[in-house]
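Asker: Got a structure for you, questions after.
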Amino acid sequence: FDGKGFTLSNLNSTETAQKADGYICTGLFGAIYGNAVVKNLTIENVNIEAEYAGNNVAAVVGLAYTIANKTATIENVTVKGNISINAPKAYAVGTIVGYSYEPGNINITDCVVAANDGSSITAVSGSGAIIGHAAGIVTLEGCSVNNIDITAKGLVGGLAGFVSSSKSVLDNNTVWWEGLNDNAP
């Protein structure tokens, strides 16, 4: 998907029905698979309500599922304005990606979270401003986060809430703590 620089305004999603397998993927793209690409897009003002524990939640991609030798790419994507991602029972909650499923690769490049005052992410665990749970080979490069509150019981981070692969790379040049309020108890 190439957004060609366009802005999507006022993304609203409410997930109230639990699926039989327990997994729900919530976002502009609930799930992407294989060599999928999402690029050149701005999402302004996000309101997501997700009720169930099996959720993978984000404004852009709920679940990035790649298999060996495949690479999903998310590049030049901005989420800005009033951001509310409320998934108090969910694990794997972020703004750009909720959960990246291994064994494949995902590259998240030049993505920005620029939230207005009062913006927030709420999850039970595994919550980050860019990606909730980074499994497999995840590369974050040139991403930045500004002004978002994250509330969860554990595994909270400015870029990633939980990184479960020693092969994941978080770029040293990433601005990741500016205005971040980590409310983990």
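The values are calculated or read from the model by the stated rules, or taken from the named source; none is laboratory data. Everything quoted here is computed from the prediction, not taken from an experiment. Neighbour counts run over all protein chains shown; Cβ positions are idealised from the backbone, glycine included. In case anyone asks, the SASA skips ligands and DNA or RNA and just uses the protein heavy atoms, side chains included. Shrake-Rupley method; radii C 1.70, N 1.55, O 1.52, S 1.80 Å.
Asker: Dimensions of the range 1-141 along principal axes (Cα, Å, largest first)?
Answerer: 37, 36, 20
Asker: Using a 1.4 angstrom probe on heavy atoms only, work out the carbon and sulfur share of the accessible area of the range 1-101 in %.
Answerer: Values: 2120 of 4450 Å².
For the range 1-101, the apolar C and S fraction of the accessible surface comes to 48 percent.
Asker: Taking θ = phi - 60°, what integer Hz values does the Karplus form 6.51 cos²θ - 1.76 cosθ + 1.60 yield along the range 116-131, in sequence order, with x for Gly and Pro?
Answerer: 6, 3, x, 6, 7, 10, 10, 8, 7, 5, x, 10, x, 5, 9, 9
Asker: Which order do Lys39, Lys153 take when ranked by solvent-accessible area (1.4 Å probe, heavy atoms of all protein chains), largest first?
Answerer: Numbers: Lys39 65, Lys153 155 Å².
Greatest to least solvent exposure: Lys153, Lys39.
Asker: Do the alpha carbons of any pairs in Lys4/Lys80; Lys4/Lys70; Lys70/Lys153; Lys39/Lys70 sit beyond 22 Å of each other, and which pairs? Walk me through the numbers on the way to the answer.
Answerer: Working: Lys4/Lys80 17 Å; Lys4/Lys70 24 Å; Lys70/Lys153 33 Å; Lys39/Lys70 17 Å.
The answer is Lys4/Lys70; Lys70/Lys153.
Asker: Enumerate the residues in the range 78-103 having an amide nitrogen under 14 Å from the point lying 7 Å beyond the Cα of Asp110 toward its Cβ.
Answerer: Inside the label zone: 78.
Asker: Ok, one more. Could you give the size of the charge dipole of the range 26-91 about its Cα centre, using +1 on the Cβ of each K and R and -1 on the Cβ of each D and E, expressed in debye and rounded to the nearest 20? Don't skip to the end; give the middle numbers.
Answerer: Values: 4 positive and 4 negative charges, 35 e Å.
Dipole about the Cα centre, nearest 20: 160 debye.
Asker: Let me ask something else about it. What's the magnitude of the charge dipole for the range 1-128 around its Cα centre, counting Lys and Arg as +1 and Asp and Glu as -1 at the beta-carbon? Answer in Debye, nearest 20.
Answerer: Details: 6 positive and 10 negative charges, 31 e Å.
The calculated dipole for the range 1-128 is roughly 140 debye.
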